[in-house]
Amino acid sequence: MLEGDSSREGLLSYLISRGDVEATRLLSIEGGYGDLQLLNCIVLAAIGIGANEMRERIDGWYDNHLIDTLTVSQKYVHQRLSTSFESCRERLRERQSGYIRDVSAEMGGMHGFREKIEKKSANRGYVPLEVPISPKIGRNDPCHCGSGKKFKKCHGVG
């Protein structure tokens, strides 16, 4: 739709029909509403195209607690539904939302796909202390303190 390959009316019709089916399904579940994710996505798609025609329907979904208010608040939905389709479309174009034309450029900003990841150290200038490695003292070797006793009878007692 953003690219002009489908109509706003077609998407709006789909969102309304799919939303009604999902709301009916959620209301029919005994003891709870189940997963609200699909209906939340439908609301987000509706505000993405400024579908003010769905305002009453969406308000009903909120009234029936079918929308996760932590995901999207009703106040935010009202503000965004009032936006014209042309403004929504222009905002998406400014953010370069649409078909991916260059996969490398699209994914290049993602952490796991960067060519070179710079490691930032919180302890800049920190040099680790080098600990000298000495040979291990055996239990039957003379003790390092110079007592003449075996290590196991002197400092190795424990």
* Total residues in region 37-53, condition open to solvent by 80 Å² or more (accessible area, probe 1.4 Å) and part of a loop (DSSP other than H, G, I, E, B) -> 0
* **Residue tally, condition free of Cβ contacts under 8 Å to residues at least 40 places away in the same chain, open to solvent by 30 Å² or more (accessible area, probe 1.4 Å) and not in a loop (DSSP other than H, G, I, E, B), over region 5-31** => 13
* **Matching residues, region 6-61, being under 20 Å from Arg91 (Cβ atoms) and of a type in the set (Gly, Ala, Ser)** => Ser6, Ser7, Ala45, Ala46, Gly48, Gly50, Ala51
* Asked: Gly34 fails exactly one of the following numbered conditions: (1) surrounded by fewer than 16 Cβ atoms within 10 Å (Cβ to Cβ); (2) modelled with pLDDT under 90; (3) in a helix (DSSP H, G or I); (4) among the small types (Gly, Ala, Ser). What is the number of that condition?
  -> (3)
* Asked: In region 54-74, what count of residues is obtained for those that are surrounded by 14 or more Cβ atoms within 10 Å (Cβ to Cβ) and either acidic (Asp, Glu) or in contact with a strand residue (DSSP E or B) (Cβ under 7 Å, 6 or more places away or on another chain) (or both)?
  -> 2
* Would you be able to tell me the number of residues in region 75-84 that are in a loop (DSSP other than H, G, I, E, B) and loosely packed, with under 14 Cβ neighbours inside 10 Å? => 2
* To do: Answer with yes or no whether Ile137 is in a loop (DSSP other than H, G, I, E, B), surrounded by fewer than 10 Cβ atoms within 10 Å (Cβ to Cβ) and either of a type outside the set (Lys, Arg) or at pLDDT 65 or above (or both).
  => no
* **Odd one out for Ala122 among (1) within 28 Å of Leu44 (Cβ to Cβ); (2) of a type outside the set (Asp, Glu); (3) at pLDDT below 65** => (1)
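The values are calculated or read from the model by the stated rules, or taken from the named source; none is laboratory data. As the structure is a prediction and not an experimental result, all values here were calculated from the model. When we count neighbours, we look across all protein chains shown, and the Cβ atoms used for this are built from the backbone with ideal geometry, even at glycine. What goes into the accessible areas is simple: the full protein's heavy atoms, side chains included, and nothing from ligands, DNA or RNA. Shrake-Rupley method; radii C 1.70, N 1.55, O 1.52, S 1.80 Å.
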